[in-house]
1. Pulled fully out, how much extra length does the chain show between ILE53 and GLU38, if you take 0.36 nm times their separation in residues and subtract their Cα-Cα distance?
2. Roughly how many nanometres apart are two label points built 7 Å out from the Cα toward the Cβ at ALA30 and ALA7?
3. Can you run phi through the Karplus equation (6.51, -1.76, 1.60; θ = phi - 60°) for region 30-42 and list ³J(HN,Hα) in whole Hz, with x for Gly and Pro?
4. Quick check on packing: order 7-14, 39-46, 53-60 by the mean number of other C-beta atoms within 10 Å, highest mean leading.
5. Please state the charge dipole magnitude for the chain, taken about the Cα centre, from unit charges on C-beta atoms (+1 on K and R, -1 on D and E), reported in debye and rounded to the nearest 20.
6. Can you show me the helix-derived [θ] at 222 nm for the chain, built from DSSP H runs with n ≥ 4 at -39,500 (n - 2.57) apiece and divided by the number of residues, rounded to the nearest 500.
7. At q = 0.26 Å⁻¹, what base-10 log of I(q)/I(0) does the Debye formula yield for the chain when every alpha carbon is treated as an equal point scatterer in vacuo?
8. Apply the Karplus curve 6.51 cos²θ - 1.76 cosθ + 1.60, θ = phi - 60°, to the phi angles in region 16-23 and return the couplings in whole Hz, x for Gly and Pro.
Amino acid sequence: MLAALRAGLGVAALMPGNLEPDMACHDPGALPALPDVELGLARHPASEGDALIDAVETALRRMI
């Protein structure tokens, strides 16, 4: 998807942290406002204490 965006072949809703300098809406009024979305994060109990899973969860929580 990012390759298509870089090539100017489409539009996408991205998290601010995923925007690249070249990616910007040049006419904010050209697109409708996006609705609020609900995000959820579920972990398997066996992942408790897994450093990698903990790091991914921390990164995700910072992004939202």
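Just so it is clear, none of the values below were taken in a lab; they were calculated from the coordinates. Bear in mind the structure is a predicted one, so any value in this text is a computation, not a measurement. As a convention, Cβ positions derive from the backbone with ideal geometry for all residues, glycine included, and neighbour counts pool all protein chains shown.
1. On the way: separation 15, 0.36 × 15 = 5.40 nm, distance 2.12 nm.
Stretched out fully, the ILE53 to GLU38 stretch lengthens by 3.3 nm.
2. Here the answer is 1.9 nm between the modelled labels.
3. 6, 10, x, 5, 7, x, 5, 10, 9, 10, x, 10, 10
4. Values: 7-14: 9.5, 39-46: 7.2, 53-60: 12.0.
With the highest mean Cβ count within 10 Å placed first, the list reads 53-60, 7-14, 39-46.
5. Roughly 100 debye for the chain.
6. Using -39500 (n - 2.57) per qualifying helix, the result is -8000 deg cm²/dmol.
7. Log-scaled intensity ratios, in q order: -1.19.
8. With coefficients 6.51, -1.76 and 1.60, one gets x, x, 9, 6, 9, x, 6, 9 Hz.
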